[in-house]
Amino acid sequence: MMKRTKDGMALTPPMGWNSWDCYMSAVTEEELLSNARYQAEKLLPFGWEYVVCDIQWYEPSAGTRTGCEYIPFAKLSMDEYGRLFPAKNRFPSAAGGKGFAPIAAQIHAMGMKFGIHIMRGVPRQAVYARTPIKGTDATADQIAVPNSICEWNGDMFGTRADCPAAQAYYDSLLELYAAWGVD
């Protein structure tokens, strides 16, 4: 637990490990958990409590063709609502719709917190497939802004700020991540 002053200010910045620093976009479950175990043993006593799985955990071919660079227009792992899921070939415990729940449980059992990196927007793949937005009558193509693309990773289109279904999409993401135990 982060120590705070009486006015709520943190005494130290949040401390932890982020998979990007070692593996860029290509981290696997085995590598993530191995680093988490090391951190729990050696660094947790000094306040290192966060383990973060960085970008493209949803990309099955990350790291297989171009080292750790992004692969433009790669097929992404996602559910029927266009929400990204961990690539099962890299995160085998995600099979059966479990997502990051098994990994989050293991990291929590080590006394730490688990986070994931997400990109803003909706996956291009969901837009092209016109996937439904959970809890609405809208589809991903109706909430997307196709000319809003991140310069360094084109997996996602931006979303329309004036569209309630876009907020519903983000709400469904947070609901899913909370169900997985992501902190």
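Some points to look at:
- Computed with a 1.4 Å probe over protein heavy atoms only, the accessible area of ASP162 comes to about 120 Å².
- Positive minus negative residues near PHE85 (Lys, Arg vs Asp, Glu; Cβ under 10 Å): +2
- Interchain or long-range residues, amide H under 5 Å from TRP17's placed H: TYR50, VAL51, VAL52
- PRO164 sits among other residues whose Cβ lies under 14 Å from its own Cβ, and their net charge, with Lys and Arg +1 and Asp and Glu -1, is -1.
- Simple point charges give the picture: +1 on the Cβ of Lys and Arg, -1 on the Cβ of Asp and Glu, and for the range 1-102 a dipole about the Cα centre of about 200 debye.
- For the range 33-93, the solvent-accessible area of protein heavy atoms averages 50 Å² per residue (probe radius 1.4 Å; ligands and nucleic acids excluded).
- For the listed peptides 148-160, 6-18, 23-35, a ranking on the average number of other beta carbons within 10 Å per residue, highest first, reads 23-35, 148-160, 6-18.
- About the Cα centre, charge dipole magnitude for the range 1-45 (Lys/Arg +1, Asp/Glu -1 at Cβ), debye: 400 debye
- Global form of the range 1-108, assessed from the alpha-carbon gyration tensor, a/c cut-off 1.5: prolate
- The magnitude of the dipole of the chain, with charges of +1 and -1 set on the Cβ of Lys/Arg and Asp/Glu and taken from the Cα centre, is near 200 debye.
- Of all accessible heavy-atom area on the range 6-117, the percent that carbon and sulfur account for (1.4 Å): 59 percent
The values are calculated or read from the model by the stated rules, or taken from the named source; none is laboratory data. Bear in mind that the values here come from a model prediction, so they are computed numbers and not experimental data. Methodologically, a virtual Cβ is constructed for each residue, glycine included, from the backbone with ideal geometry; neighbour enumeration extends over all protein chains shown. The accessibility values were calculated without ligands, DNA or RNA, using every heavy atom of the protein model including side chains. Shrake-Rupley method; radii C 1.70, N 1.55, O 1.52, S 1.80 Å.
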